[in-house]
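The values are calculated or read from the model by the stated rules, or taken from the named source; none is laboratory data. Keep in mind that what you see is a predicted model, and the values were worked out from it rather than measured. Every residue, glycine as well, gets a Cβ built from its backbone with ideal geometry; the counts of neighbours run over all protein chains shown. Side chains are part of the model used for accessible areas, which takes the heavy atoms of the whole protein and leaves out ligands, DNA and RNA. Shrake-Rupley method; radii C 1.70, N 1.55, O 1.52, S 1.80 Å.
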Amino acid sequence: MTSVRPQENLNPSDIAREQFNIAADLLKLDESMRAILSVPKRQLLVSIPVKMDNGIVKVFEGFRVQYNVARGPAKGGIRYHPDVNLDEVKALAAWMTWKCATVGIPYGGGKGGIRVDPHTMSQGELERMTRRYAVEIAPIIGAHIDIPAPDVYTNEQTMAWIMDTISMMSGGVQLGIVTGKPISLGGSLGRAEATARGCQFTIREACKVLGINLNGARVAVQGFGNAGSIAARLLHEDGAKIIAVSDTKGGIFNPNGFDPAAVLKFKEETGSVVGFKDTDRITNADLLTLDCDILVPAALENQINLDNAHLIKARIVAEAANGPVTPGADRVLFEKGIFDIPDILANAGGVTVSYFEWVQDQYGFFWTDKEVNQYLEKTMVKAFHEVYEKAKQFKVHLRTGAYCLAVERVAEATRVRGIFP
Ligand code: NAD
């Protein structure tokens, strides 16, 4: 992988603050509003004792942060990872605030996590840890307060355990307490594909404004998991030529393109995309700098940084992953005229369909796949053009355009609500 130059400060809290400050300066936010929007509303730190299968009790550290709830209940995932810490959760909660505001869904931003390596635990241990965490954060979550969802190394089973725990404690069925639930438990059709589909809609709009024909456009996708593999399939269905994809084991390349559905089947059988027929093996670093029209980073953060930004040849970068482009690289891409669709827009399809799930749970009335996708398209296309216009207004790149739009919306909601008491 590419190494990141030491002069780049990649502390997530610092990056989040810098992105906010750039927008706040452009919007000429007054000091009081800056002070309110610069800090999380609420931060909860909990200890989670879990009786392990061998009878020993281990205590894990858990977090839940609500960054801002001016526009609606806090919304954001729960991450199980050994590197989770309060600083990271705060930054992720801030990003959720700006993401929800960018696409105009009536949520604030939150995030949670447990500092743990879930791969070392049995299902029973994971269930006990999740249920105890749910109880510890129960005082501050709720369908109209804060609605968690899956994130790194959590999934629909995790959400089902949280929903059940809170339901048992309250004596009623609490469908709206979390999203990303199984379909059998109030989940939404279309949720599994939503992030990639939202990304596809923003790429279509970017192609329109740039005069690029998506049919035949050459696409490289870094990361072949939920977001990346589905984005590759959907863009292929739009006629794009998928010329490279990668996973942790490396990448594959064929300038004439290949069928991403066949690659997914191959990956399911062999554990990697590497070795797929009629392709050359490339590294993840090579993939990022390929001559292509559209680059979709869909794996990890900080992949495009000051080391490689000047080598990027794509005309469009669509950030399916969270934080794949560093602030330093942002400036380089902008100067090179590369159209970077920022994460808070490009991957907001996931939280948008989470919102649809919550709406359906409130109504107890569920939509078809087609209806979910139509509403998603409407939301993403509208958000894309609002961000594009903001960026043009301030003569900035799309990320700052999105931040200006989002910060303005949150500031306005905060202003009209006033300061309590
Ligand atoms: P995932 O675990 O399903 O897939 C991740 C993929 O990236 C895997 O194929 C993995 O092999 C690959 N990968 C990991 N390290 C890599 C590396 N160093 N180089 C190349 N590939 C590597 O995860 P996902 O749900 O697809 O999420 C991917 C990104 O998208 C994350 O940044 C996530 O935060 C973001 N995202 C996902 C969703 C969603 O709904 N799934 C929503 C918003 C944002």
Q. Quick one: Gly225 ticks every box in (1) more than 15 Å from the chain's Cα centre (by Cα); (2) within 16 Å of the ligand (Cβ to nearest atom); (3) closer than 22 Å to Ile282 by Cβ; (4) surrounded by fewer than 22 Cβ atoms within 10 Å (Cβ to Cβ) bar one, so which box is it?
A. (1)
Q. Looking at (1) at negative phi; (2) within 13 Å of the ligand (Cβ to nearest atom); (3) open to solvent by 10 Å² or more (accessible area, probe 1.4 Å); (4) small (Gly, Ala, Ser), which is the only condition Ala261 fails?
A. (2)
(Q) Take Thr248 and tell me if it is within 13 Å of the ligand (Cβ to nearest atom), of a type in the set (Ser, Thr, Tyr) and open to solvent by 20 Å² or more (accessible area, probe 1.4 Å). (A) yes
**Q.** Which listed residue is at pLDDT 95 or above, open to solvent by 90 Å² or more (accessible area, probe 1.4 Å) and either out of contact with any Pro (no Cβ under 7 Å at 6 or more places or on another chain) or in a strand (DSSP E or B) (or both), from Val59, Val65, Val39
**A.** Val59
Q. Mind checking which residues of the range 264-273 are in a helix (DSSP H, G or I) and within 12 Å of the ligand (Cβ to nearest atom)?
A. Leu264, Lys267, Glu268
Q: Only one of these is under 29 Å from His119 (Cα atoms), hydrophobic (A, V, I, L, M, F, W, C) and touching a residue at least 24 places away in the same chain (Cβ under 8 Å): Ala206, Ala196. Name it.
A: Ala196
Q.
Going through Arg128, Arg115, Arg132 one at a time, which residue ends up being of a type in the set (Lys, Arg), more than 15 Å from the ligand (Cβ to nearest atom) and touching a Lys or Arg at 6+ places or on another chain (Cβ under 9 Å)?
A. Arg128
Q. Quick one: how many residues across the range 1-33 are modelled with pLDDT of 95 or more and open to solvent by 40 Å² or more (accessible area, probe 1.4 Å)?
A. 8
Q. Hey, which of the strands (runs of 3 or more DSSP E) in the range 294-360, taking only ones fully inside, have at least 1 residues that are within 9 Å of the ligand (Cβ to nearest atom)?
A. 294-297
Q: State all residues of the range 228-245 that are closer than 30 Å to Tyr153 by Cβ, touching a strand residue (DSSP E or B) at 6+ places or on another chain (Cβ under 7 Å) and more than 16 Å from the ligand (Cβ to nearest atom); if no residue qualifies, say none.
A: His236
(Q) For a quick check of your reading of the model, give me the residue pairs whose first member lies in the range 146-157 and is farther than 14 Å from Gly113 by Cβ, whose second is among the hydroxyl-bearing types (Ser, Thr, Tyr), with beta-carbon atoms closer than 7 Å and at least 6 apart or on different chains. (A) Ile147/Thr179
